[in-house]
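Written out below as structure tokens is the structure these notes cover.
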Amino acid sequence: MKYKITHQTIYTYNEPVSLCYNVLRLTPRHTYSQVCNSVVVKIHPEPDNTQEYEDFFGNKITYFSIEKEHAQLSVKVSSVIEKRVSAAREIGLYGNATIEKVKQQLQENKQEAADIGQYIFETTMTASNMEIAAYARQSFPPGRAVLEATIDLMRRIYTDFKFTPGFTTVSTPLEVVMREHKGVCQDFAHLAIACIRSIGLPARYVSGYIETVPPPGVEKLFGVDASHAWFSVYIPHLGWVDFDPTNNIMPGDQHITIGWGRDYADIAPMRGILLSSGTHTLSVSVDVSRIR
Amino acid sequence: MDQFADQAKLPGITGEEEKMPPHWETFFQSYSRLGNDEIATRNEDLTRLMRENGVTYNIYGDPSGLNRPWKLDMIPFLMSKEEWTSIEAGLQQRAQLLNAILEDIYGDRKLIRHGILPFELLYNHPGFLRQCCGIKLPGRHHLVMYSADLARSRDGRVWVVNDRTQAPSGSGYALENRTAMTRVVPELFEGLKVRHLAPYFNTLQQSLTALAPQQRGRLRQPSSPRIVILTPGSSNETYFEHAYLSSYLGFTLVQGNDLVVKDNFVWLKTMGGLERVDVILRRVDDNYCDPLELKADSQLGVPGLLQAVRSGHVTIANPIGSSILENPGLMPFLQSMARFFLSEDLLIPTIASWWCGQPKELKYVLNHLPSLVIKTIYRHPSGSSSIDGASLSAVQLQQLKARILANPALYVGQEKVDISTTPSLIDGHIEPRQVLFRSFLVSSGENYVAMEGGLCRTSSDQGNFVISNQSGGFSKDAWILSPEPHRNFNVLKEVAGYNAPDEDNLTSHAAENLFWVGRYTERVLGNARFLRTVMQFLAEGNKLATDSTQLTEKYLLEALTQNTFTYPGFTGPDSAEQLAQPWEELKDVLLNAKRTGSIKYNFLQFQRAIHEVRDHWSTDTWRVLRTMEEELAQDIPLSHHGHIRMLHTLDNLITFIIAFIGLNRESISREQGWRVLDTGRKIEQSLLLLTMLRTTLVNKTNDQVDYHLQQSVLMSHECLVNYRYKYRQPIDIRLVLDFMLFEPNNPRSLTHLINRLTVHLKHLPKDHAGHALTGYERLILEADTLLKLSDKDTLSTPGTEDTYTQLDEFLTRMYGLLAAIPDVISKTYFKHELTPRSFDVL
């Protein structure tokens, strides 16, 4: 399966901006299930300075600055992705590993733990509380297989929480999401991660896209997709296994990964600083289409 | 000697031994020769010197004011050559070790991969900045500066209590302590060969210079990299030191918004444009350095800085991310890390510590809580990160236990060191006090150079375990005694050492604040003189209350409100009561700090601007400032006696301001700085003069009132005597205008002010040569022309029966021209900080 992804972000400023600095995390990385064939980043106006590098997690970063006055900033990332493995992975026996077993294996294998360990600690965005921990325990009773427990947690979040665009922002604390049972994909991913970490298991945040399929007979419009987020759980011998609580599915060939980190802050698609006294409006359009 | 016989038994001098070491004996001989009275006097001198030099340690959130005076104990901390040699070697080893750890953490992370350091201590620590991984420094060491707090236990062994690796502070205070000691109590150095501090600072300077990135720009010579000290600003607790080191080392003192990243290089905003920065000595915490990649809401950093570092275009010392080493959790693993990296054992042992992330250690800590000090692996921004188990109640111990169990990897238990004491001068008596010794090291070539001295801090009361500047202890000078004969102490050599500030352009920040210092200087002075004139008139006028004196009073009081901008004051519909009983309002205009336009208010603005550029003032200037502060700090009752007191306060204030102005020329060593300041003064003087003439002379009343008002104008400008001397005629509006507007030899006349301004403005840096005038040059030319085309006879001819219409028009036009100049200057030279705003897109 091959996809062409077009992700365009346009800022329109009320007052001209003389300087802006940006960090983009929009170049999809290679994973076991996908190859990134090509990426083209088009920025207008032409940046005065562009640098590309890989961050600590191996995500691909584009840094750029615009040092002349401009009234609008447009960033268009076009990439071609090939998904290589079909949906279900060979889970096999490892999927039966219990919570205790996974913890023990991480204790014993220091090499493995050295990298995986950082995904066990809570971060500001995945801060747990009593309510969240209690919510997690219902899916993670002692002795249960981690895989089964996570599927259960994913299903419960999907059922208990209402997908409500606009209810939260980047800075809404997780406790509000928990209390109100509302949020968007980032919130659900953070909530699941907080739950799993409260049990003492490693989980990470994945940023990417999902292909939306219109109802039969309706033609798909361009640019109506959105960036998406989900989470991964680490199970020894299996590696990182993805879960999408917003759609209650284990991501397969309709999910395209950009990158990952401990939480949103590590893989925010676009972060910037601009020097301006005015405000700005923002429009984002994402399109994920199959290439035949 | 009798009174000191007991000292021999003081712990801290002798450890467990009975006999006083020879260097203490020598010291106390000099000390007793001074005698008790002299010691008390010298102690006062020391306190006064510290206060006058403005040596302060700011306390965040201290309601009694920002600046807490630095307290220096006259009795130093002595250390023999032998003792120092072993400590020095231990510290150098520790610096090498911490450097290796830092390089590894941001490089290969062998320590984690080989299981020498538990990963939790790294990944769980907010000081580990993943953004900084892979960044290399040009020099030999990643850790450029290192500082350690040392303590001696009662059995004589030396321990490292804290490691400071992020932005170690204190070296400037150590230097200031030494300078004060040599000045106030030189006799105490007799017979003791005390090591100098200067070599450390020379090395620091050389090492930072060597850190400049190799590829050079076209603008500067390779031999003179631009080094700046990045400070969080004047409210930071150690701001004094930032300014002090800036002057001493000759590095420009900057705040985050003085810098800008362009083309991936770091630039300093100066009056002459942008100048490239090569090395940043930072005093801003890691996370605050770059709002783009680190803490997004930081206003203290520079957006894009980390990328400039990553590209190798600028070097930051210590590198961003080095706070990871300020981590008590590393302590238990230091010995094995020393073996791993250096194949050596630690020369200075670490205090026995147990990291609770391991089951056995956790159990030990929980079982021994009351006898341990519990630390978190990083400092909570909220408060103390160190808890003495012995100080907790049973309930508190249970709570602490629960907190540790909830998150054991965050906690470390540490053995309590029974810190030894040293003799300290407390309220005129010598008493033992626990002491911490802070040492400073800087990378130099393959090794580290340690300051041969340091900063000592003592506990505020006997037996107090916690030592910090915040809790009010004393500081001490530390003397390392060297037997080498050529190291004889030389007062002059130690005190001298200030580098001449470089001839670079002023930073925009400094320019802006110096300009405002100039304006507020004159605003305070002008208003104080006018207020004094008004008060004097009231005090005298009350005795002969005729109609005309009452009318004059009314006009003067109204003019006072207009000149100070303290509306409604004596103007407006409800002013009858104020006019009848003016003293309360007058006092308010003098002393109400919260009232915009009051003298106290403007004085505080003046003071704030001065502190923003505190590296520009001489010691004498600080002394004057302190005296002014004290003068204005007192309250004055509303009584006849109070009236005299207020006048007295005004007299003093005026004297101090004039002293301050007199010191400016020699204090501000940089020509450009003085010009900017004086431009501010002359503009403010002109505007005040124009306002006063407009509010007092434009209306024509009767001869008696007009006379009084004209006289007040002359008095407020201290021109009455000169006027009489020049004209030898009674006061008359035509001559008053001549003297105040046109007389070039009167330094307070508008002609003189405009002449000075024209010269100053011509000398400001221009980015283009040639014929075209800048905006402010046009304005001053227009003002000058307007003045030259006017004359005293026209202006003093009444247009209507009760108004000098042409005078009014002249003053209004002139005010408009001159008042526009600051805006143009500001737009051209001062930084226009648009607040950096961060955004995140989902």
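Quick note: the coordinates plus some simple rules give every number you see, no bench work behind them. Model, not experiment: these values are computed from the prediction. As a convention, Cβ positions derive from the backbone with ideal geometry for all residues, glycine included, and neighbour counts pool all protein chains shown.
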Have a look at A:GLU211, A:GLU82, A:GLU46 and tell me which one the Gaussian network model of chain A (Cα, springs below 10 Å) gives the largest fluctuation.
A:GLU46
What order do you get for B:SER234, A:SER285 when you list them from fewest to most C-beta neighbours inside 10 Å?
A:SER285, B:SER234
Ordered by packing density, taken as the mean number of other Cβ atoms within 10 Å over each peptide's residues, highest first, how do B:723-730, A:8-15 rank?
A:8-15, B:723-730
Of the options A:GLY208, B:ILE821, B:LEU175, report the single residue whose Cα projects farthest towards the positive end of the charge dipole of the protein assembly as shown (beta-carbon charges: Lys, Arg +1; Asp, Glu -1).
A:GLY208
Can you tell me, using C-alpha contacts under 8 Å and at least 6 residues apart, the relative contact order of chain A as a whole percent?
30 percent
Can you give the average number of partner chain beta-carbon atoms within 10 Å of each beta-carbon in peptide A:111-121, as a whole number?
5
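Once you have the Cα-Cα distance between B:GLN581 and B:CYS133, take 0.36 nm times their residue separation minus that, and quote the gain in nm to one decimal.
154.2 nm
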Angle between chain B longest axis and helix B:703-716 axis [Cα atoms, degrees, rounded to 10]
30 degrees
Can you tell which of A:HIS228, A:TYR135, A:HIS255 lies farthest toward the positive end of the dipole of the range A:92-263, using +1 and -1 charges on the Cβ of basic and acidic side chains (Lys, Arg; Asp, Glu)?
A:TYR135
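How large is the dipole of the range B:628-688 about the Cα centre if only Lys and Arg carry +1 and Asp and Glu carry -1, each at its Cβ, rounded to the nearest 20 debye? All intermediate terms of the calculation are to be shown ahead of the outcome.
Values: 6 positive and 9 negative charges, 60 e Å.
For this selection, approximately 280 debye.
Mind checking B:227-239 for the average number of partner chain beta-carbons within 10 Å of each residue's beta-carbon?
Counting Cβ atoms of other protein chains within 10 Å of each residue's Cβ and averaging gives 0.
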Under 14 Å from the Cα of A:LYS76 - aspartates and glutamates, other chains or at least 8 residues apart:
A:GLU46, A:ASP287
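Compute the relative contact order of the range A:92-263 as a whole-number percentage, counting only Cα pairs closer than 8 Å that sit 6 or more residues apart in sequence. Could the numbers behind the result be given before it?
On the way: 283 pairs, mean separation 47.4, N = 172.
With pairs under 8 Å counted, the relative contact order is 28 percent.
Average partner chain C-beta neighbours within 10 Å, per residue of A:273-280?
Mean shielding count: 5.
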Kindly put B:LEU764, B:LEU737, B:LEU789 in sequence by how many other C-beta atoms sit within 10 Å of each C-beta, fewest to most.
B:LEU789, B:LEU764, B:LEU737
Could you name the lysines whose alpha carbon sits less than 26 Å from that of A:LYS101, not counting residues in the same chain fewer than 8 places away?
A:LYS110, B:LYS360, B:LYS363
What FRET efficiency would be calculated for the residue pair B:LYS726, B:GLN214, taking the C-beta separation as r and a Förster radius of 56 Å, to the nearest 0.05?
0.25
With a 10 Å Cβ neighbour count serving as the proxy for reagent exposure, in which order, fewest first, do B:ARG433, A:ARG197, B:ARG595 appear?
B:ARG595, A:ARG197, B:ARG433
What does the highest-first list of B:817-829, A:133-145 look like by mean Cβ count within 10 Å?
B:817-829, A:133-145
Setting aside same-chain residues fewer than 8 positions from B:LYS726, which lysines have a Cα under 23 Å from its Cα?
B:LYS788, B:LYS792
Amide H of B:TRP479 versus every other amide H placed in the peptide plane: which residues, excluding those fewer than 5 positions away on the same chain, fall under 5 Å?
B:PHE77, B:LEU78, B:MET79
Once all Cα-Cα distances of the protein assembly as shown are split into 10 Å bins that start at 0, what whole-number percent is in each one?
2, 9, 15, 17, 17, 15, 12, 8, 4, 1, 0, 0
Once A:THR169 and A:MET130 are pulled to full extension, the length gained, defined as 0.36 nm per residue separation minus their Cα-Cα distance, is 11.8 nm
By how many degrees, 0 to 90 and rounded to 10, does the Cα axis of helix B:36-52 deviate from the longest principal axis of chain B?
70 degrees
The helix B:394-406 Cα axis meets the longest alpha-carbon principal axis of chain B at an angle in degrees, between 0 and 90 and rounded to 10, of 80 degrees
Within the range A:28-74, DSSP-loop chymotrypsin sites (Phe, Trp or Tyr not before Pro) with at most 13 other C-beta atoms within 10 Å are A:TYR32
Among A:114-123, A:270-279, how do they line up from the highest to the lowest mean number of other beta-carbon atoms within 10 Å?
A:114-123, A:270-279
Please tell me which of these pairs span more than 28 angstrom C-alpha to C-alpha: B:LYS81/B:LYS110; A:LYS182/B:LYS401; A:LYS2/A:LYS60; B:LYS700/B:LYS762; B:LYS193/B:LYS416?
B:LYS81/B:LYS110; A:LYS182/B:LYS401; B:LYS700/B:LYS762; B:LYS193/B:LYS416
Residues whose placed amide H lies under 5 Å from that of A:PHE121, excluding near-sequence neighbours
none
Whole-Hz Karplus couplings 3J(HN,Hα) for the range A:52-59, θ = phi - 60° and coefficients 6.51, -1.76, 1.60, Gly and Pro as x, run 10, 7, 9, 8, 3, 8, x, 6
Between B:ALA40 and B:GLN634, how high is the FRET efficiency from 1/(1 + (r/R0)^6) when r is the Cβ-Cβ distance and R₀ = 35 Å? Nearest 0.05.
0.85
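Quote the convex hull volume per residue of chain A, based on C-alpha atoms, as a whole number of Å³. Numbers along the way, then the final one.
Details: hull volume 41.4 nm³, N = 292.
In chain A, the Cα hull volume divided by residue count equals 142 Å³.
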Mean Cα-pair separation over length for the range B:695-842, i.e. relative contact order, pairs under 8 Å, 6 or more apart, %
22 percent
Rounded to the nearest 0.05, what FRET efficiency do B:THR794 and B:LYS262 have when you use their Cβ-Cβ distance and R0 = 45 Å?
0.25
Amide proton proximity set for B:VAL277, modelled H, under 5 Å, gap of 5+:
B:VAL266, B:TRP267, B:LEU268
In whole Hz, what ³J(HN,Hα) sequence does the range B:598-612 give by Karplus (6.51, -1.76, 1.60; θ = phi - 60°), x for Gly and Pro?
5, 5, 4, 4, 5, 5, 5, 5, 4, 5, 4, 4, 4, 5, 5
